[in-house]
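> A single structure is presented below for examination.
The values are calculated or read from the model by the stated rules, or taken from the named source; none is laboratory data. Note that the coordinates shown come from a computational prediction; the quantities given were computed from them, not determined experimentally. Please note: Cβ atoms are built from the backbone with ideal geometry, for glycine as well, and neighbour counts cover all protein chains shown. SASA here: full protein model, heavy atoms, side chains in, ligands and nucleic acids out. Shrake-Rupley method; radii C 1.70, N 1.55, O 1.52, S 1.80 Å.
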Amino acid sequence: MVLASHLPSESASSASLRMMSTLMGEEPRWRAGATELSEKDKVRKESKSVKRQRPATEDSGDEKPLSKRERKDSSTNSCSHCKAYRHTQETCNSRREQNARRPRDQQQKQQQQPPGHSHGKFRGFSNQSPIKRPPGRPPRSTIKMTNRFYEAFEQAELSDSILQAAADLFSSNYGIWGAKAAETVGTWAEKGNPVRIHTGKWLKSRYLPAGSRSTYVRVTVDGKLAGHVICSRWSYKNQNICWITQLVVSREFRERKLAYGLLDMLKSDEDDIYGVASSHAAACITLANVFGNGFKYLDLDYIRDNASGILASSPIEYLRTAKLSGSLFSELDNSGLICGVDTNFFVDHTEPLQALKEVRRFREWPLGDLIDGCEFLVIVQAKNSTNK
C-alpha cells in the first residue's frame, strides 16, 4: 500500500502560474520550475501558428478565404469550359474539335474497309459477308466427319478392287497437266487435261514394283474413301529408308488433318530416314512434322550430303533416274529453286503455287521457288533413329 503523502506534488507557486497562463491564452508550462521556453519549443510554436493562418485575398478584407477548388478554378491555367481540368482554353478547344471529328473519321474508316471486315469484339456478329478465301483456292469443306477409319495394307494384301479405288481417287483429285507435258509424256497429256491413272495394275507397276517393300494406307470418312498414301522401303548404308511415293486427299476433305493421320500410320521403329518429292508445300511440311523434328528445323546440309545416294539406291524407277536440282546441290543453279529434284513431271503448278504463297505468309520457306518439271525434296531423320 502506497501512502498519498509519499507521491510527488507540485508546489503552490507552480500551480498558480499554470492557472494564470491558461487564463491569459499562453501555452502552459508543464514542467515545474520552468521559467522560459526552449529553442525547440519556440520553433514548434511558430510553425503551428504559420499553418493555422489562411491566405487572405487582396480585395476581400475580412471575407471568408477561398477553398482549394475555388483557388484552382481561379488559376490562370484553368478553362471556362472544363473547370475540373487544368488546361488552357486552346487545349480545350482542340479537344472539343477532336471529339466532334471522331464519329466522322470512324464512318470514313468503315467505308474504306474491305467487305467482310468487322471490328474486335463484334467480329462474330457482323452483318457483312465473311472474309473470302484467296482466288484460285477451293473453299474449305464443311462436311462433318463423324467416323474416320484408317487401314494399312502390305503389298501382298492389296486386291484389284483396292488398287482400282486408289487409281480413281488419284485421277479425280491430283491435278492437271502443264504446258510441256505433251512433249515429255505423250500427246494424250495435253495442257489442262486431268492427270489420270486408268487402271490399278499401272498404279501397282509404277508405285508398288515387285521386289520392293511397300505399304498402302487409306482413310475412309463415313464409309467414303477420302485419301491414301503409298510408301516404299529399302536399305541404304545399313539404314532403313521409308519414301512417300504418293499422297492424295480428296478435295472435299482437305485441311482436315487427314494427311497427318495417314503419314502417322506409317511410323515404324525400324525406319531411320523418311523422304518425299512433292510439288505441294503442305506435303513437305506434314512429313517433316510427323517423322522429323519439325519443318522449322529441316537440316539442308543432311539432305545435300545424302540425297544422291538415297535416290540412287531406290527401287522406284522415277526416283532412281531423277536429277538433283537447286542451288543447294549446284552453285551455278540460279533458277530460284534451292532444294529439289527434276523428275520431268510437268503438271500444272497453279494450285501448288497458291498454296506456297499462303505458306510464305506465315513461315520461312527454305526450299526456294517451284520450277516446271521439278518437285521439292525433303529428307529427314527419324526422331527415334539410333543410327543418326
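> Leaving ligands, DNA and RNA out of it, report the carbon-plus-sulfur percent of the accessible area of segment 157-312 at a 1.4 Å probe.
Carbon and sulfur: 47 percent of the exposed surface of segment 157-312.
> Would you kindly find the accessible area of GLU157, with a 1.4 Å probe and non-protein molecules such as ligands, DNA and RNA excluded, rounding to the nearest 10 Å²?
Accessible area of GLU157: about 110 Å².
> For segment 241-286, report the accessible area per residue in Å² (1.4 Å probe, heavy atoms, rounded to an integer).
Counting only protein heavy atoms, the per-residue value for segment 241-286 is 35 Å².
> How far apart, in nanometres, would the label points at ARG251 and ARG363 be if each is projected 7 angstrom from Cα along the Cα-to-Cβ direction?
2.6
> Ratio of alpha-carbon Rg to the 2.2 N^0.38 Å globular estimate for segment 244-292, to two decimals, please. Each step should come with its number before you reach the end.
Numbers: Rg = 10.8 Å, N = 49, 2.2 N^0.38 = 9.7 Å.
That ratio works out to 1.12.
> Take LYS357, LYS42 and sort them by solvent-accessible surface of the protein heavy atoms, 1.4 Å probe, largest at the top.
On the way: LYS357 130, LYS42 90 Å².
Final ranking, largest accessible area leading: LYS357, LYS42.
> Just to compare against my own numbers: the Cα pair-distance distribution for segment 162-237, 10 Å bins, whole % per bin, please.
In whole percents, the pair-distance histogram is 16, 40, 31, 12, 0.
> Quick check: residue separation of SER205 and GLU317 times 0.36 nm, minus the Cα distance between them. What number comes out in nm?
Here the segment from SER205 to GLU317 would lengthen by 39.3 nm.
> If you project the alpha carbons of segment 274-388 onto the principal axes, what extent comes out on each, in Å, largest first?
For segment 274-388, the Cα spread along each principal axis is 40, 32, 26 Å.
> At a 1.4 Å probe radius, which order do TYR207, TYR174 fall into by accessible area, largest first?
TYR174, TYR207
> Along each of its three principal axes, how wide is the spread of alpha-carbon positions in segment 165-309, in whole angstrom units, largest first?
41, 40, 33
> Give me the distance in nm between label points sitting 7 Å out from Cα along the Cα-to-Cβ direction at ARG95 and TRP188, one decimal.
8.1
> Find the Cα radius of gyration of segment 327-386, compare it with 2.2 N^0.38 Å by division, and give the number to two decimals.
Cα Rg divided by the expected 2.2 N^0.38 Å: 1.28.
> Separate question: For segment 173-223, what is the accessible area per residue in Å² when the probe is 1.4 Å?
On a per-residue basis, 56 Å².
> Magnitude of the Cβ-charge dipole of segment 159-303, K/R +1 and D/E -1, about the Cα centre, nearest 20 debye?
Charge dipole, segment 159-303, about its Cα centre: 320 debye, nearest 20.
> Taking each pair of distinct Cα atoms in segment 221-302 once, what is the resulting Kirkwood hydrodynamic radius in Å?
On the way: mean 1/r = 0.0735 Å⁻¹.
Result for segment 221-302, one decimal place: 13.6 Å.
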